[in-house]
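Note sheet for the following structure.
The values are calculated or read from the model by the stated rules, or taken from the named source; none is laboratory data. Bear in mind the structure is a predicted one, so any value in this text is a computation, not a measurement. As a convention, Cβ positions derive from the backbone with ideal geometry for all residues, glycine included, and neighbour counts pool all protein chains shown.
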Amino acid sequence: MDFELSETQRLIRDTARKFATEVVAPRARETDRHERFPAEVYRQMAQLGLLGINVPAAYGGAEAGVVAYSLAMMEISAACASTSVGMAVTNMVAELVVAFGTDAQRETFVPRITSGEAVAGAFALSEPHAGSDPGAGYTTAQRKGDRWVINGTKQWITSGAHAGVIIVWARTSNDGNKGLSCFIVEGGTPGLHLGRAEDKMGLRGSNTVPLIFENCEVPEGALLGRLGDGFKLAMVALDGGRVGIASQACGVGRAAVEASVKYVKERRAFGQPIGEFQALRFMLADMHTQQQTAELLTLRAASRKERKLPFTREASMAKLFASEMSNRVCDKAVQLHGGYGYIDEFPVERYLRDARVQTIYEGTSEIQRLVIARELLKSLG
Ligand code: CAA
């Protein structure tokens with residue numbers, strides 16, 4: 001197993017790190033406090049190739065692979081998770097269109113995403129009553145001549161109010177999971193209405209809205225993949241998406257460890273820096289070990305995807321462990337900061353709020369365990 005990064009991977013990581021340090025981190029507090037959607041940051045990211053890292057150059061992507069994508073996600077997430085969640089979903093949408101789109105769909109939509117023209121991509125799968133069980137969605141798409149007419153409500157849509165390209169799942173027959181199909185809908189299409197943006201605990205700079213479809217008509221060519229294949233497309237996209245969220249959790253966890261190290265060196269109690277106390281050193285050692293373990297699991301899942309090996313189980317393991325890790329580590333970081341951890345003078349309270357959703361979105365920890373157990377039983381069956 002090779003733990004060394006290639007030149008391309010190092011280049012993407014260093015580019016993302018520089019951008020994160022110089023552009024993303026200085027705005028992170030304001031992005032969070034004032035719920036400022038980072039549209040301008042995404043435009044700059046597009047110029048660096050960060051909105052299509054694992055997308056062929058022919059469609060404006062960086063063509064740098066999945067490991068490079070994961071490394072870049074870790075860097076941007078360490079600076080601002082509100083920004084990185086939109087980056088993750090945009091990359092996921094671009095990859096989905098490349099993987100399942102027709103030539104016309106790829107040529108039309110992917111360069112719009114990678115160039116930043118679309119601002120962001122959105123992934124409209126969940127519904128108010130169907131999150132863990134997306135096959136239970138009510139949204140429908142009905143044929144009307146050479147058009148599809150979409151009706152229904154999608155919920156929790158990241159970047160939904162800003163995205164120029166939205167992938168929407170809708171029922172084209174009553175055949176359970178097999179009745180779902182997938183459509184590419186452009187932002188601003190008549191009949192697509194935005195609900196009220198959610199007032200969230202964390203990721204407050206990210207935009208999360210319901211999307212309401214009322215006789216929203218899209219052309220025949222908006223169907224992505226084959227009719228009835230929507231559920232499988234969602235599962236394939238989510239396998240990759242989970243590598244992205246695992247990477248986000250690694251980045252936030254790393255930021256929490258780094259902030260804690262800085263703090264225990266500066267803060268003094270009982271006549272010495274608090275980092276001299278063994279109780280806190282043990283806490284830091286555990287935080288760092290868990291964070292590094294999550295990185296290894298995540299990069300392994302990314303590497304398997306890159307090498308086109310099965311990676312469903314590995315992606316779920318990485319997502320499960322990394323998201324649980326970031327919650328534990330950020331909680332400890334707040335504890336290490338004492339009263340200062342609980343106010344916004346230090347970033348650790350934001351890290352903890354941002355980490356909280358990671359065990360929920362792109363499949364809860366319970367769904368990840370279900371996927372891991374199924375795959376394990378299959379492999380040993
Ligand atoms: N890759 C390819 N195909 C897959 C697959 C995968 N990883 N997983 C399942 N499938 C296929 C199966 O092979 C099966 O195919 P056949 O019918 O031909 O046999 C079909 O899909 C149905 O599979 P299951 O029977 O396993 O489906 P299920 O109903 O039991 O559900 C589940 C499985 C894993 C629970 C799934 O529903 C799931 O992942 N739920 C969580 C949904 C989720 O993660 N939502 C996140 C929303 S998006 C988001 O959060 C984005 C954001 O904003 C950040």
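Tabulated values for the structure
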item: Pick from the range 169-182, criterion within 12 Å of the ligand (Cβ to nearest atom) and crowded, with 19+ Cβ neighbours inside 10 Å, ranking: farthest from A81 (Cα to Cα); result: L180
item: All positions within the range 216-264 that are assigned to a helix (DSSP H, G or I), in contact with a Ser or Thr (Cβ under 6 Å, 6 or more places away or on another chain) and more than 23 Å from T298 (Cα to Cα); result: G230
item: Residue pairs meeting the criteria (Cβ under 8 Å; at least 6 apart or on separate chains; first surrounded by 19 or more Cβ atoms within 10 Å (Cβ to Cβ), in the range 19-37; second in a helix (DSSP H, G or I) and of a type in the set (S, T, Y)); result: V24/T83; A28/S82; A28/T83; T31/S82; T31/T83; D32/S82
item: Complete set of residues in the range 213-235 that are aliphatic (A, V, I, L, M) and surrounded by 17 or more Cβ atoms within 10 Å (Cβ to Cβ); result: V218, A222, L223, L224, L233, A234
item: Long-range neighbours under 7 Å by Cβ, at least six apart or interchain, first residue within 12 Å of Q335 (Cβ to Cβ) within the range 258-285, second assigned to a helix (DSSP H, G or I) and basic (K, R); result: M283/K332
item: Test for A141: is it assigned by TED's automatic domain parsing to the domain that holds V24, small (G, A, S) and surrounded by 24 or more Cβ atoms within 10 Å (Cβ to Cβ); result: no
item: Filtered residues of the range 34-68 (kept if farther than 30 Å from D199 by Cα and of a type in the set (G, A, S)); result: G49, A57, A58, G60, G61, A62, A64, G65, A68
item: Residue within the range 355-373 that is within 27 Å of I274 (Cβ to Cβ) and surrounded by 14 or more Cβ atoms within 10 Å (Cβ to Cβ) present; result: yes
item: Candidates Q155, Q105 - the one that is within 15 Å of the ligand (Cβ to nearest atom) and either closer than 17 Å to N215 by Cα or modelled with pLDDT of 95 or more (or both); result: Q155
item: Cβ pairs under 6 Å, 6+ apart, first in the range 156-178 and farther than 18 Å from F109 by Cβ, second away from the ligand (no atom under 14 Å from the Cβ) and among the β-branched types (V, I, T); result: R171/T140
item: Helices (runs of 4 or more DSSP H) wholly inside the range 274-381 that include at least 3 residues being within 16 Å of the ligand (Cβ to nearest atom) and over 20 Å from A249 (Cβ atoms); result: 365-380
item: Residues of the range 208-228 satisfying the condition of being within 16 Å of the ligand (Cβ to nearest atom) and either out of contact with any strand residue (DSSP E or B) (no Cβ under 7 Å at 6 or more places or on another chain) or free of Cβ contacts under 8 Å to residues at least 60 places away in the same chain (or both); result: T208, V209, R226, L227, G228
item: Filter pass, G116 being more than 16 Å from the ligand (Cβ to nearest atom) and closer than 22 Å to T208 by Cα; result: yes
item: Some residue of the range 120-132 being more than 10 Å from the ligand (Cβ to nearest atom), farther than 24 Å from G49 by Cβ and in contact (Cβ under 8 Å) with a residue 60 or more places away in the chain; result: yes
